[in-house]
Amino acid sequence: METDLLIIGGGPAGLHAALTADRAGARVVVADESFSLGGQLRQQTQWFSNLPGQYGYGKKRGTWVNEQLINQVGASNVQVLKKHTMIGSYLNGNIGVSDGDKTFEIQSRKNIIAPGAQEEAKVFPGWTLPGVMTAGAAQILINREKVLPGKRAVMVGSNDFSLEVARQLNSCGITVEAIVEEKNQIICSDGELVKTVENVPVYTNSTIEIVTGAGEVEHVVIQTPDGSKEVNADLVCIANGFSPILEPFEIMNCHFVYQKELGGWLAAYNIHLQTTKPSCYIAGNAAGITELGPILLTGEIAALSALEAMGFISSAEGDEQKSRCWRELANLESEKVLKARTEMIADYHQKHELNLPDYFMKIRGGKMYG
């Protein structure tokens, strides 16, 4: 199979990148390991307000954004390969993908890798009992599978995602018996979300001591500053944050850097979202854990960079469009994540003796990083 642009990952970043490239006339193939497109957006019924301008103003549900993306891809010339996994890279530069039965090569001029992120586990005695799962798994069960994962839950972690899932569990009739946070205060930055769980007992400076039960979760013992507290529950949700998925970039022999605010280890990239493998661009949460708006915009920046490199758009048009995307991303992304991202990019350019474009320096009055 031959194409101009191969995109690995059919989540929001990959789909937005595909649409950007399709509009410019490039041949695009999207390969995704799942049976349906959208990635995490498929179960994200929560409202998002930090979206790029083309998605309209005001709050939109994640599932609504996903529906828009899928409908637009369906009406485009983008070729979608569902249930196809990237399994290797050939010496000739082609990408090997498999549907589980057969493996074949895709010859592409450029590649965008947008595999997303994975939830981080938290280990404690009893963590393998049925009924212990990540917060994302619980969200999939209630919103996609329409299955209640339990009746009485303990939430481990108090970040924005944790409290959003706690709110959704409660709206389904599941009682959240406790929120356990190892830091000295709730870390959720959304005041409205905090209000939705104000009647839930919150244990700060606390950890899970042990989870017990006869073949499934029945009791949760919380180690608090005031001693052990036992809670009756049949569900434990772990919200320990996300980290970028690395395997496709390891296959491509990309270089990696560590940036805590971006989720840990990730493939190094420049202002054009190009990795140390010239044919390979990065997008989405794989480029740093962030919010939906910036996720979409990284897909667009990567696509514009690939289009410019292949000659589908001029350098002047590429700079203009990427400048717009970076300005919008800077307005939507949290300050600490933006600072970490731009510092990493600046370090990359310095290390490789590459110039930074003027628009990068001008964002936020020249205080984009440093």
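The values are calculated or read from the model by the stated rules, or taken from the named source; none is laboratory data. Since this is a predicted model, take the numbers as computed values, not measurements. Quick reminder, even Gly has a Cβ in these numbers, built from the backbone with ideal geometry, and neighbours come from all protein chains shown. Side chains are part of the model used for accessible areas, which takes the heavy atoms of the whole protein and leaves out ligands, DNA and RNA. Shrake-Rupley method; radii C 1.70, N 1.55, O 1.52, S 1.80 Å.
Taken together, the criteria exclude Gln259 from residues that are within 23 Å of Ile301 (Cβ to Cβ), without any contact (Cβ under 8 Å) to a residue 40 or more places away in the chain and within 19 Å of the chain's Cα centre (by Cα). Residues in the range 211-226 that are in a strand (DSSP E or B) and closer than 18 Å to Ile179 by Cβ: Val211, His219, Val220, Val221, Ile222, Gln223, Thr224. Can you tell me which residue in the range 176-207 is surrounded by the most Cβ atoms within 10 Å (Cβ to Cβ), limited to those that are part of a loop (DSSP other than H, G, I, E, B) and of a type in the set (Val, Ile, Thr)? Once the filter is applied, the top-ranked residue is Val197.
Of note, Val123 satisfies the criterion of being open to solvent by 70 Å² or more (accessible area, probe 1.4 Å) and hydrophobic (A, V, I, L, M, F, W, C).
Would it be correct to say that Glu209 is charged (D, E, K, R), out of contact with any Phe, Trp or Tyr (no Cβ under 6 Å at 6 or more places or on another chain) and within 22 Å of Glu119 (Cα to Cα)? Yes: the conditions hold for Glu209. Ala13 meets the conditions (1) touching a strand residue (DSSP E or B) at 6+ places or on another chain (Cβ under 6 Å); (2) of a type outside the set (Ser, Thr, Tyr); (3) open to solvent by less than 20 Å² (accessible area, probe 1.4 Å) in every case but one. The failed one is (1).
Within the range 78-96, if we keep just the residues that are farther than 12 Å from Val30 by Cβ, hydrophobic (A, V, I, L, M, F, W, C) and part of a strand (DSSP E or B), the residue that is least open to solvent (accessible area, probe 1.4 Å) turns out to be Ile95. Of the numbered criteria (1) buried (at least 18 other Cβ atoms within 10 Å of the Cβ); (2) out of contact with any strand residue (DSSP E or B) (no Cβ under 6 Å at 6 or more places or on another chain); (3) of a type in the set (A, V, I, L, M), the one Ala153 fails is (2). So, of the residues in the range 262-282 that are within 25 Å of Leu307 (Cα to Cα) and assigned to a strand (DSSP E or B), which turns out to be most open to solvent (accessible area, probe 1.4 Å)? Filtering the range 262-282 for residues that are within 25 Å of Leu307 (Cα to Cα) and assigned to a strand (DSSP E or B), the one most open to solvent (accessible area, probe 1.4 Å) comes out as Gln274. Being under 30 Å from Leu297 (Cβ atoms), at pLDDT 95 or above and part of a loop (DSSP other than H, G, I, E, B) is true of Pro115.
The set of residues in the range 51-77 that are open to solvent by 20 Å² or more (accessible area, probe 1.4 Å) and not in a helix (DSSP H, G or I) comprises Gly56, Tyr57, Gly58, Lys59, Lys60, Arg61, Ala75, Ser76, Asn77. Against the test of being out of contact with any Leu (no Cβ under 6 Å at 6 or more places or on another chain) and more than 24 Å from Val337 (Cα to Cα), the options Asn240, Asn285, Asn205 yield a single qualifying residue, Asn205. Against the criterion of being closer than 18 Å to Gln44 by Cβ, open to solvent by 30 Å² or more (accessible area, probe 1.4 Å) and modelled with pLDDT of 95 or more, Ile210 does not qualify.
Restricting to the range 28-50, and then to whatever is outside any strand (DSSP E or B) and touching a Ser or Thr at 6+ places or on another chain (Cβ under 8 Å), can you tell me which residue is most open to solvent (accessible area, probe 1.4 Å)? Result: Glu33.
Give me the residue from the range 236-261 that is surrounded by 16 or more Cβ atoms within 10 Å (Cβ to Cβ) and not hydrophobic (A, V, I, L, M, F, W, C) and, out of that set, nearest to Glu33 (Cα to Cα). The residue in question is Pro248.
Scanning the range 210-233 for residues that are of a type in the set (D, E, K, R) and either over 31 Å from the mean Cα position of the chain (by Cα) or within 24 Å of Glu164 (Cα to Cα) (or both) turns up Glu218, Asp226, Lys229, Glu230.
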